[in-house]
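> What follows is a single structure, and I will ask about it in a moment.
Computed from the coordinates by the stated procedures, all read-outs in this text should not be read as laboratory data. Only a predicted model underlies this, so the values are computations on that prediction, with no experimental measurement involved. Neighbour counts are summed over all protein chains in view; Cβ atoms, including those assigned to glycine, are modelled from backbone coordinates with ideal geometry.
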Amino acid sequence: MKRGQGLLETTVALGVIMTGLVSVISLTIGNLTNQRSAALRYQAVNLAREGIELVRNQRDSNWLAGESASEGITAGTELAMQVNPATGAVLLILPLEGGDAPNIAVTHCGDEPFTQATACTDATAFSRRITITPRNCRDEGMIGDILCDQIEALDRLRDPIAFEVQSRVSWIEPNGGKSITINETLYDWR
């Protein structure tokens, strides 16, 4: 075997090994990036779902207190939610005129739950906005005629019988901004 032929075989073998190593490294990096993206998306879905559940909790708490289902539920667009950890009370905060709501960024302080409070400065990559739209039987196409016909008191035609709640969570990833939106209709069945 000639020396030049052995060098050529060694070069080809090193090329094949390097191609394999680069492929494995590329797959590993892609896998880690996808895992991080999936973890952020999972956390965003949970934060969006929490937004819906906080509004549901307010409605249910109103029922238990014997109040109107809409008591304390602010209708509006791009609301920020703030939870008082001591009392569990939910506040919906309207955005500032011409700008962002004061507590849009979702924060996480130590072992405390995620919140949109200004007291904590440990902002996460997430922001959450809630939109609440009250619906009644006069809203065209909202609920079908049969359901509205079953409502006995005429006063109920003016009161909200449902809330359309939209919870939108946005976050930034290295490849751009992402968002997830969850919609749910909460009815006043009481």
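> For an R0 of 41 angstrom, estimate the FRET efficiency from the Cβ-Cβ distance between ASN175 and LEU14 and round to the nearest 0.05.
In this case the efficiency is close to 0.80.
> Here's another thing I want to ask about it. Obtain the nm distance between the two label points defined at GLU53 and SER68 by a simple spin-label model: each point lies 7 Å from its Cα along the Cα-to-C-beta direction.
A separation of 2.8 nm, rounded to one decimal place.
> Between THR124 and residues 5 or more places away or on another chain, which pairs have amide H atoms under 5 Å apart, with H built 1.01 Å from N, and which residues are they?
VAL106, THR107, HIS108
> Give the long-range amide H neighbours of ILE161: residues separated by 5 or more places, or on another chain, with amide H under 5 Å away, using H modelled in the peptide plane at 1.01 Å from N.
ARG135, ASN136, CYS137
> Mind listing the phi-derived Karplus ³J(HN,Hα) values for region 39-55, rounded to whole Hz, using 6.51, -1.76 and 1.60 with θ = phi - 60°, and x for any glycine or proline?
Result, ordered by residue: 5, 5, 5, 4, 5, 5, 4, 5, 5, 5, 5, 4, x, 5, 5, 5, 5 Hz.
> Whole-Hz ³J(HN,Hα) for each residue in region 172-181, computed from phi via Karplus 6.51 cos²θ - 1.76 cosθ + 1.60 with θ = phi - 60°, x for glycine and proline: what do you get?
Taking θ as phi minus 60°, the curve returns 10, 10, x, 9, x, x, 10, 7, 9, 10 Hz for region 172-181.
> Could you list the GluC sites (Glu not before Pro) in region 18-67 that lie in coil according to DSSP, counting only those with at most 14 other Cβ atoms within 10 Å of their Cβ?
GLU67
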